[in-house]
Amino acid sequence: MALVDIYVPKKSPLHGVDPRVKIISAVLLTVVCFFITDLVVLLSLLLYMQILVWSTGVNLKTYSSSFWLVARFSIILMIVWPFFDQVGQPILLDLWIYKPTLPAVLRALAIAMRIFIIASGWLILLLTTRHGQLVRGFVKLGLPYDFGISLSIALRYLPNFLGTIDQIKEAQASRGLESSRGNFVKRARNMIPVLIPTFAIAFRAIEGLSEALHSRGYGANPARTYYRDINMTVYDSIAVALIVSVAALAVVSKVLGIADF
Amino acid sequence: MSVLSIVGMSFRYRGQSAATLQDISLDIERGEIITILGGDGAGKSTLCKTLNGIVPDQEKGEFSGAVLLDGRNIKNLPRSEVVSRIGLAIQDPEAQLFTDSVEEEVAFAPENLGLPWSEIDSRVRRALSVTGLASLPTKSPSALSGGQKQRLAIASVISLLPSVLVLDEPLSMLDPRGRAELLAMLDSLKQERSMTVILTSNSAEEIAVKCDRIALLDRGRLVGVGRPEEILTSPDRLESIGVEPPQLLELSALLSSEKLLNREQAFFDEETGAGRILSAIGGRGGGR
Amino acid sequence: MNQSHVSISGLKFSYPDGTQAIRGVDLEIRHGERIGLAGENGSGKTTLCKHMNGLLSPSAGRILVDGREASSLGASEIAAKVGYLFQNPDHQLFCSTVREEVEFGLRNIGLGADEIGRRVARYLEMLGISHLAEHPPLALSLGLRRLVTVASVLAMEQELLILDEPIAWLDAKQKASVVGAIRQAGTEGRTTVVISHNMKLMAELTDRLIVMTGGSIRLDGKTKDILSDPAAMASVGLVSPPVTLLAESIKDALHFTRRIDTNEDFVSALRERMPGGGTRGTG
């Protein structure tokens with residue numbers, strides 16, 4: 001399952017792009033999205049992002065799990081939105097405090113589309129970048145190396161963690177633990193025999209890891225070198241320049257009222 | 001001259017009433033393979049951690065005595081030197097591996113030392129070849145078998161080019177195939193270079209024939225050091241300190257208690273055993 | 001009473017992601033049998049055992065425990081019939097004291113306070129850890145944690161016991177306690193299935209050995225017969241215990257006729273070859 005373990009081991013154009021470019025693009029996309037209000041523009045951008053996602057070679061299963069994850073969130077958002085935004089005409093429904101108006105619904109739709117667009121940007125990053133390169137990208141962009149290592153370790157352990165929980169459930173079930181029956185309080189209490197071993201295992205792993213890091217010289221030389229490093233090519237530099245200028249242009253022209261999208 | 005000397009070393013973890021290690025003195029010869037045998041709680045892991053300074057640096061407790069590397073106390077040496085001369089691989093390989101590929105895992109240690117790229121590259125190649133992983137440089141560590149993971153954990157410490165390699169219970173988490181691969185690796189380490197290897201185990205089976213010397217650890221004290229033939233004489237003695245004797249040693253004890261063999265003819269490997277049994281049967285003369 | 005305890009017919013199992021772990025297994029296990037289950041990692045032995053306590057349901061075929069479908073029973077029902085010792089003790093330990101840890105399973109199967117107290121005392125004693133009763137299990141060494149889980153599972157005294165690598169990570173003394181406890185369970189008539197890579201252990205604890213490869217059963221016979229047959233062992237990638245290998249290497253010189261998989265067998269075989277107590281003479 002694990003959201004973090006979705007790297008697609010293929011060679012698409014986006015795979016070859018430097019992680020920093022992808023990170024910067026995802027960030028800028030997130031920012032620029034909020035400046036776009038035209039639904040047609042949002043839709044086009046949404047479709048364009050899906051094309052990019054499919055170009056990575058992602059398999060249907062991964063794509064649909066991510067899609068539905070975002071979709072559930074967006075649908076809830078769209079339903080809840082009119083509680084808080086009741087501006088405009090015409091009023092579509094009149095149910096006591098729930099009075100969705102057409103403009104409000106369209107605004108909700110815009111937000112939903114933005115969420116998909118932003119999610120697509122970050123999804124592309126995770127689909128085309130191995131964990132090590134991803135962390136290296138953040139570190140080269142300014143994240144302190146120690147944080148980077150913590151991130152690497154978290155990314156590596158999270159899928160294990162989740163898998164271990166299943167194994168623990170099995171082990172406790174064979175001692176008679178009924179984890180899926182009973183009322184809410186009972187079920188919550190039955191999580192304890194599953195959660196405690198999970199944390200105990202995590203702590204032991206962390207202890208072992210810290211000894212291993214020490215033994216492998218972590219921190220021995222503040223000026224560490226890199227074996228398989230990430231390097232910006234000419235294309236990467238051009239891509240970044242292009243993306244940054246387009247984003248800047250879009251924001252400025254929207255803010256100054258020069259263009260309306 | 002000994003490459004590593006432990007001199008009167010004791011250590012007690014903070015909060016424990018009994019010392020985990022008591023007055024340990026041991027000289028390790030350059031190029032030897034020495035196995036430290038001990039039961040659960042004997043202090044094997046703690047001893048390993050004193051050899052590269054994790055104890056007492058990272059563990060709170062009372063430490064006395066010294067560990068000398070080429071005659072110098074490791075307490076006074078810069079950490080980068082200690083860690084690059086004495087390589088420690090802990091028991092559980094799962095806990096150590098966290099990068100995307102086998103070669104990056106092995107490169108991690110020399111990267112930490114700030115070595116130039118070409119040096120890192122040659123060390124990675126060497127370490128992978130010694131541990132039998134040369135065909136898998138780009139494979140993800142999580143896709144490896146248990147035995148391969150253990151060897152990768154060791155390779156990622158060998159890339160430090162340590163003079164002394166310390167392996168804490170390297171066989172305990174492995175299935176028979178993994179163990180066979182690891183023991184073969186020990187053989188090639190022995191032949192290839194003069195890397196001193198210290199390993200710990202709670203079983204003398206399999207390991208007895210691979211090492212030059214054995215040290216017995218019982219509740220924090222060294223109770224015997226010598227060549228395998230000198231130390232592995234009584235299975236009861238080994239069992240009493242929690243160490244599994246080789247099955248053939250138990251066999252030879254059983255044979256001598258049944259008066260089919262002399263006590264001095266104890267054995268623990270197949271070849272010697274076959275020879276002694278056949279000569280004991282065929283005539284019973286000579287007595288040796 | 002040698003009736004069928006576990007009856008498996010045409011069992012096939014595939015994981016949700018498509019990997020076929022069991023490719024058609026037929027197996028009868030009778031009450032009181034002492035079974036060893038061996039095979040490389042990925043051979044399907046663990047998957048097969050998880051069907052016996054209802055953790056997994058077959059994709060095809062049937063598995064009956066005492067005449068009932070294993071997966072049709074509820075968690076506490078199956079826990080009372082089938083004991084399963086998992087390989088990793090850390091997957092089970094969560095209580096504040098060793099005593100509570102052993103009590104946990106006993107409470108789940110509905111035993112009374114007196115019986116629980118009696119069993120806790122008995123099994124802690126059997127495993128040599130009575131002195132640790134009030135100790136927090138999570139603070140113990142790996143070997144001792146293992147002993148606690150063995151005690152917790154054995155105390156439930158199920159008719160069918162599945163033990164996955166019961167002596168892994170144990171030192172010599174701890175191993176002796178566990179082997180003794182498992183033998184005791186066998187003496188009390190319980191059916192035991194030991195999963196292990198350790199052939200010495202199989203020789204000590206099992207009468208019948210089943211070897212799986214690639215999701216099917218390759219060998220199924222008397223432990224002694226299989227372990228002392230080098231060709232059979234090689235065909236499934238297993239290695240006989242050292243004493244068997246020694247016997248093999250000198251069998252021509254000594255004309256051994258017995259099958260040898262333990263030291264005691266070897267000594268008996270040697271005695272047979274040496275009339276008059278073995279102090280003199282040729283075979």
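Things to note:
Yes or no, residue by residue, for (1) touching a Phe, Trp or Tyr at 6+ places or on another chain (Cβ under 9 Å); (2) among the aliphatic types (A, V, I, L, M); (3) under 26 Å from A:Gln172 (Cα atoms):
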residue	(1), (2), (3)
C:Val150	yes, yes, yes
C:Leu163	yes, yes, yes
C:Val193	no, yes, yes
C:Met202	no, yes, no
C:Asp225	no, no, no
C:Val236	no, yes, no
C:Leu245	no, yes, no
C:Asp252	no, no, no
C:Arg259	no, no, no
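- Matching residues in segment C:125-141 - criterion: being surrounded by fewer than 22 Cβ atoms within 10 Å (Cβ to Cβ) and under 22 Å from the mean Cα position of the chain (by Cα): C:Glu125, C:Met126, C:Gly128
- Any hit, segment C:217-228, residues being over 23 Å from the mean Cα position of the chain (by Cα) and of a type outside the set (Ser, Thr, Tyr): no
- Of the residues making up segment C:142-159, those that are crowded, with 24+ Cβ neighbours inside 10 Å and not in a helix (DSSP H, G or I) number 2.
- Within segment B:67-87, residues that are away from chain A (no Cβ under 12 Å) and in contact (Cβ under 8 Å) with a residue 60 or more places away in the chain sit with their Cβ atoms under 8 Å from residues that are polar (S, T, N, Q) and surrounded by fewer than 16 Cβ atoms within 10 Å (Cβ to Cβ), at 6+ positions apart or across chains, in these pairs: B:Val67/B:Asn73.
- All helices (runs of 4 or more DSSP H) inside segment B:30-113 with 1 or more residues being in contact with an Asp or Glu (Cβ under 7 Å, 6 or more places away or on another chain) and of a type in the set (S, T, N, Q): B:44-51
Conditions tested, residue by residue: (1) among the small types (Gly, Ala, Ser); (2) closer than 21 Å to C:Val82 by Cα; (3) not in a strand (DSSP E or B).
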site	(1), (2), (3)
C:Val6	no, yes, no
C:Phe13	no, yes, no
C:Gly18	yes, no, yes
C:Ala21	yes, no, no
C:Ile35	no, yes, no
C:Ser43	yes, no, yes
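- When each of C:Val211, C:Val193 is tested for being of a type in the set (A, V, I, L, M, F, W, C), closer than 16 Å to C:Pro241 by Cβ and in contact (Cβ under 8 Å) with a residue 12 or more places away in the chain, the lone residue that passes is C:Val211.
- Qualifying residue in segment A:188-205 (condition: under 29 Å from B:Ile120 (Cα atoms) and not assigned by TED's automatic domain parsing to the domain that holds A:Ala26): yes
- On the stretch given as segment C:76-104, residues that are facing chain A (nearest Cβ under 10 Å) and without any contact (Cβ under 8 Å) to a residue 12 or more places away in the chain total 3.
- For B:Ala208, the stated conditions do not hold, so it cannot be described as more than 26 Å from C:Ile250 (Cα to Cα) and among the aliphatic types (A, V, I, L, M).
- Scope segment B:169-197; condition in contact with a Leu (Cβ under 7 Å, 6 or more places away or on another chain) and closer than 29 Å to B:Asp236 by Cβ; matching residues: B:Pro170, B:Leu171, B:Leu174, B:Arg179, B:Leu182, B:Val197
- Check on A:Asp166, within 14 Å of chain C (Cβ to nearest Cβ), among the acidic types (Asp, Glu), surrounded by fewer than 15 Cβ atoms within 10 Å (Cβ to Cβ) and out of contact with any Ser or Thr (no Cβ under 9 Å at 6 or more places or on another chain): yes
- Residue in segment B:239-249 that is among the small types (Gly, Ala, Ser), facing chain C (nearest Cβ under 9 Å) and in contact (Cβ under 8 Å) with a residue 60 or more places away in the chain present: yes
- Condition met for B:Gly132 (under 17 Å from the mean Cα position of the chain (by Cα) and in contact (Cβ under 8 Å) with a residue 12 or more places away in the chain): no
- Residue within segment A:81-104 that is of a type in the set (Ser, Thr, Tyr) and surrounded by 13 or more Cβ atoms within 10 Å (Cβ to Cβ) present: yes
- Total residues in segment B:23-66 satisfying the condition of being under 22 Å from C:Ala172 (Cα atoms) and touching a residue at least 40 places away in the same chain (Cβ under 8 Å): the figure is 14.
- Any hit, segment C:110-122, residues being modelled with pLDDT of 95 or more, more than 14 Å from chain A (Cβ to nearest Cβ) and either under 27 Å from B:Ser45 (Cβ atoms) or in contact with a Cys (Cβ under 9 Å, 6 or more places away or on another chain) (or both): no
- Of everything listed in (1) within 13 Å of chain A (Cβ to nearest Cβ); (2) surrounded by fewer than 24 Cβ atoms within 10 Å (Cβ to Cβ); (3) touching a strand residue (DSSP E or B) at 6+ places or on another chain (Cβ under 6 Å), the single unmet condition for B:Cys48 is (2).
- Residue in segment C:38-49 that is at the interface with chain A (Cβ under 9 Å from one of its Cβ atoms), out of contact with any Asp or Glu (no Cβ under 7 Å at 6 or more places or on another chain) and over 16 Å from C:Gly10 (Cβ atoms) present: no
- Selection count where residues are basic (Lys, Arg) and without any contact (Cβ under 8 Å) to a residue 12 or more places away in the chain, scope segment C:51-75: 1
The values are calculated or read from the model by the stated rules, or taken from the named source; none is laboratory data. Because the structure is a prediction, the values reported are computed rather than measured. Heads up, the Cβs are rebuilt from the backbone with ideal geometry, glycines too, and the neighbour counts pull from every protein chain shown.
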